[in-house]
1. If I filter region 54-85 down to residues being without any contact (Cβ under 8 Å) to a residue 40 or more places away in the chain and surrounded by 16 or more Cβ atoms within 10 Å (Cβ to Cβ), which single residue comes out as nearest to Asp148 (Cα to Cα)?
2. If only one of Val231, Val227, Val209 is surrounded by 15 or more Cβ atoms within 10 Å (Cβ to Cβ) and β-branched (Val, Ile, Thr), which one is it?
3. Would you kindly identify the strands (runs of 3 or more DSSP E) lying entirely within region 1-115 that contain at least 2 residues that are over 21 Å from Trp135 (Cβ atoms) and either in contact with a strand residue (DSSP E or B) (Cβ under 7 Å, 6 or more places away or on another chain) or not assigned by TED's automatic domain parsing to the domain that holds Ala126 (or both)?
4. Within the group Ser96, Ser159, which residue is surrounded by fewer than 16 Cβ atoms within 10 Å (Cβ to Cβ), hydroxyl-bearing (Ser, Thr, Tyr), more than 18 Å from Asp49 (Cβ to Cβ) and without any contact (Cβ under 8 Å) to a residue 40 or more places away in the chain?
5. Is it the case that region 134-141 has a residue that's surrounded by 13 or more Cβ atoms within 10 Å (Cβ to Cβ) and either part of a loop (DSSP other than H, G, I, E, B) or among the polar types (S, T, N, Q) (or both)?
6. Given (1) of a type in the set (D, E, K, R); (2) under 21 Å from the mean Cα position of the chain (by Cα); (3) on the phi < 0 side of the Ramachandran plot, identify the lone condition not met by Asp6.
7. With the structure loaded, tell me whether Pro238 is modelled with pLDDT of 95 or more, within 30 Å of Glu141 (Cβ to Cβ), assigned to a loop (DSSP other than H, G, I, E, B) and under 20 Å from the mean Cα position of the chain (by Cα) or whether it fails that test.
8. Filter region 215-248 down to residues that are aliphatic (A, V, I, L, M) and touching a Leu at 6+ places or on another chain (Cβ under 8 Å) and give me whichever is farthest from Arg197 (Cα to Cα).
Amino acid sequence: MTLTLDHGPLSGDPPETSNYTVEGPAHRLLMHRFPRRVRAVFAGETVIDTRRGELLHETGLLPQLYVPDEDLRADLLEPTDRSTHCPFKGDASYWSVRVGDRVAGNAVWAYQEPLADAEWLRGHKAVYWDRMDAWFDEDEEVQGHLRDPYHRVDVRHASRRVRVLLDGATVAEAESVRLLSETGLPNRYYIARADVREELLEPSDTRTVCPYKGTARYWSLRVDGRVIQDVAWSYPEPLENALKVRDDLCFSHADIALEVDGRPVD
């Protein structure tokens, strides 16, 4: 993520605070080897099993895994009439994945005759992350998508006075929090449950998945009969990089005001 989004060197808006320039097109491509075995499973069948995967970093997009044609189960692929054009890579052909009665439509694509600047895509295919039932990085199941090796999450204990306010009323207040810094994203302040007025919170059905932190559950806020949906989230079973914020609450919502050391935070 740090390469292609926000102000990364391959983004559309690289930082000015450098003593170099990147010569080349405004839309940039970089492909390099993913260092571990990757598998994708659909309807109980292994569709991809590769130790030769390549991550394509592309301006404004999350990295995408491409694998050699030989590392996909060709007997499970059915060509479709779908075609798309990318001005940077060429014309893409598509295949569906069929296992018995289950079909993942147009789940696989390839640039069979790539443009000259992307010739290294020849002989490789890519698969939509969400069209498969499960992905594995070595023997560990992946949440969301493969992790970008240039993206990181750091959690630090911080002596920060943090207040969460709704219409001037305090929802949470802490003198010490856990500060989570994640590549390309603003700092997030995670507050211990003991420092939150939990009687104002009620669990939400919303869940989101982050490949770097895990599956988040959300909380809504009920005050004077008013319900504000999904004002906070927590990670009950965080991944290893976010273990320090287990069960802590992070607040972010347009109706919520956040103060850190007496100063408002956008």
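1. Only one residue fits best here, namely Asp71.
2. Only one candidate qualifies: Val231.
3. Here the list reads 29-33, 77-86, 90-99.
4. From the options Ser96, Ser159, the qualifying one is Ser159.
5. no
6. Tallying (1) of a type in the set (D, E, K, R); (2) under 21 Å from the mean Cα position of the chain (by Cα); (3) on the phi < 0 side of the Ramachandran plot, Asp6 fails exactly one: (3).
7. Taking the combined requirement at face value, the residue satisfies it.
8. So the residue we want is Ala242.
The values are calculated or read from the model by the stated rules, or taken from the named source; none is laboratory data. In this text, all values refer to a predicted model and were calculated from it rather than measured experimentally. Reconstructed Cβ throughout: ideal geometry from the backbone, glycine too, with neighbour counts over all protein chains shown.
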